[in-house]
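Okay, structure first, notes after.
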Amino acid sequence: MNRTTAGGELTNSFKKYKLNMSNQSRIIGAGHYVPEKVVTNQDLEKLMNTTDEWIVERTGIHQRRYFEEGKDTTASMGTEAAKRAIQHAGIDKNEIELIVFATLSPDYYFPGCGVLLQKELELPHIAALDVRNQCSGFIYGLSVADQFIKTGMYKTVLVVGSETQSNFVEYSDRHRHIAVIFGDGAGAIVMQRSEEKNKGILSTHLYSDGSMAEELFCPHPGTRLKTRITHEMIDDGSLLAHMNGNLVFKHAVTRFEECITTALEKNNYTINELDLLIPHQANLRIADFITRKFKLPVEKVFNNIQKYGNTTAASIPIALSEAWAEGRVKENTLLCMAAFGSGFTWASALVRM
Ligand code: UT7
């Protein structure tokens, strides 16, 4: 195939899409769902050697939500959040052409949660894609949706982050540094093509460093170390998530700062022009560190980790949905969302609402 032919075919195949470089994607609605069960630090004190004082001082968390067995699953919570986002956006659910579902705690090892949501929402046979980027999963998913909308392939995309993490932490002294942090919940957004200039997703910035993969990871069920789960693996804790908390913390503060700065510089904005920062809710100390580093007034940074803990891929869409409901996200708000986590992966998105 010569280059002229290839170029010609490419042009023709794109004709069926509305390829228009002025396409923008906008976030037109957000919703969230958290399970009813509230678990306080005092509740955890009864299960392991920890204290409310330690948890609040080291993480800022006072309580988190845990899924209700027989009622909530990662897919079902994502579906509920999606319904609320669709209602908020004021669209018909049948307008959705692509589901992007971010989670590290899927209902099944396979298939992913995207198809389960497609079924539960009773959507037609549209595309469903799962994203496995842990704490950065939502922004990675948003970026994927943005690209599909900008090329013209899809007009309306649903992006979901949902996690059921209380199911795989161990309530024991050996796992207490992880058990106290994580919570369950789901958030979702609807993104749609718009031709309004300088509005919508201005840019997204995605990064990874796989040399740090084993600093925050869950080795099993996996194929790298051993192929079969054994009783010894249950006993020695190797089925649990592992986290080098200090190292993760140090990398997080640096990477958050870098990717937020990049997002602003890329769009010729200064930090003072930013209206709202929604950082992934990893640890309140990390968010406070960034707030001080950028000399941001506290009201320009949205935090809700105090009541939900770290909900990984769900944390940013839950926060966005709450911030919107509280009137802190409005038309024209310049919003930056940034995340860092397992992989390591980190990401940011700058949005003019
Ligand atoms: O969202 C994904 C990305 N994840 C993160 O961003 C998490 C980043 N890391 C962190 O948030 C923090 O490292 C943690 C909250 C996980 C831990 O806080 P830390 O200040 O780094 O504590 P540490 O691991 O250095 O442990 C300090 C002490 C240790 O005791 P010794 O060795 O000093 O006697 C731990 O055993 O605190 C102990 N400890 C606890 N004590 C009471 C660890 N967990 C607990 C606990 N309750 N739950």
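The values are calculated or read from the model by the stated rules, or taken from the named source; none is laboratory data. Note that this is a predicted model, so its numbers are computed, not measured. In this analysis, Cβ positions are derived from the backbone assuming ideal geometry, glycine residues included, and neighbour counts consider all displayed protein chains.
Quick look at the numbers
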read-out: Residue match in the stretch 244-258 (condition: in contact with a strand residue (DSSP E or B) (Cβ under 7 Å, 6 or more places away or on another chain), in the same structural domain as residue 286 (by TED's automatic domain parsing), hydrophobic (A, V, I, L, M, F, W, C) and within 27 Å of residue 157 (Cβ to Cβ)); value: yes
read-out: Test: residue in the stretch 119-129 that is in contact with a Gly (Cβ under 8 Å, 6 or more places away or on another chain) and modelled with pLDDT of 95 or more; value: yes
read-out: Residue in the stretch 270-293 that is aromatic (Phe, Trp, Tyr), at pLDDT 95 or above and not in a helix (DSSP H, G or I) present; value: no
read-out: Verdict on residue 287 being touching a Phe, Trp or Tyr at 6+ places or on another chain (Cβ under 8 Å) and within 16 Å of the ligand (Cβ to nearest atom); value: no
read-out: Of residues in the stretch 146-165 being among the β-branched types (Val, Ile, Thr) and part of a strand (DSSP E or B), the one farthest from the ligand (Cβ to nearest atom); value: 156
read-out: The stretch 155-189 - residue that is among the hydroxyl-bearing types (Ser, Thr, Tyr) and crowded, with 22+ Cβ neighbours inside 10 Å and, of those, farthest from residue 351 (Cα to Cα); value: 164
read-out: Residue count, the stretch 265-324 (criterion: of a type outside the set (Val, Ile, Thr) and under 30 Å from residue 77 (Cα atoms)); value: 32
read-out: Test set (1) closer than 29 Å to residue 53 by Cβ; (2) under 16 Å from the mean Cα position of the chain (by Cα) - residue 336 fails condition number; value: (1)
read-out: Cross-chain or 6+ apart pairs with Cβ under 6 Å, the stretch 268-291 first and in the same structural domain as residue 245 (by TED's automatic domain parsing) and under 19 Å from residue 61 (Cα atoms), then within 10 Å of the ligand (Cβ to nearest atom) and of a type in the set (Ser, Thr, Tyr); value: 280/315; 281/315; 283/59
read-out: Scope the stretch 41-94; condition more than 16 Å from the ligand (Cβ to nearest atom) and among the aliphatic types (A, V, I, L, M); matching residues; value: 75, 77, 81, 82, 85, 86, 89, 91
read-out: Pair list, Cβ under 8 Å, 6 or more apart: the stretch 27-53 residue of a type in the set (Asp, Glu), other residue more than 16 Å from the ligand (Cβ to nearest atom) and not in a loop (DSSP other than H, G, I, E, B); value: 36/65
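Yes/no matrix, rows are residues, columns are (1) assigned to a helix (DSSP H, G or I); (2) polar (S, T, N, Q); (3) assigned by TED's automatic domain parsing to the domain that holds residue 281:
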residue: 119; (1), (2), (3): yes, no, no
residue: 125; (1), (2), (3): no, no, no
residue: 139; (1), (2), (3): yes, no, no
residue: 144; (1), (2), (3): yes, no, no
residue: 167; (1), (2), (3): no, yes, no
residue: 176; (1), (2), (3): yes, no, no
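Residues checked against (1) within 11 Å of the ligand (Cβ to nearest atom); (2) buried (at least 24 other Cβ atoms within 10 Å of the Cβ); (3) part of a helix (DSSP H, G or I):
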{"site": "315", "(1), (2), (3)": "yes, yes, yes"}
{"site": "320", "(1), (2), (3)": "no, yes, yes"}
{"site": "323", "(1), (2), (3)": "no, no, yes"}
{"site": "327", "(1), (2), (3)": "no, no, no"}
{"site": "332", "(1), (2), (3)": "no, no, no"}
{"site": "337", "(1), (2), (3)": "no, yes, no"}
{"site": "343", "(1), (2), (3)": "yes, no, no"}
{"site": "348", "(1), (2), (3)": "no, yes, no"}
{"site": "351", "(1), (2), (3)": "no, yes, no"}
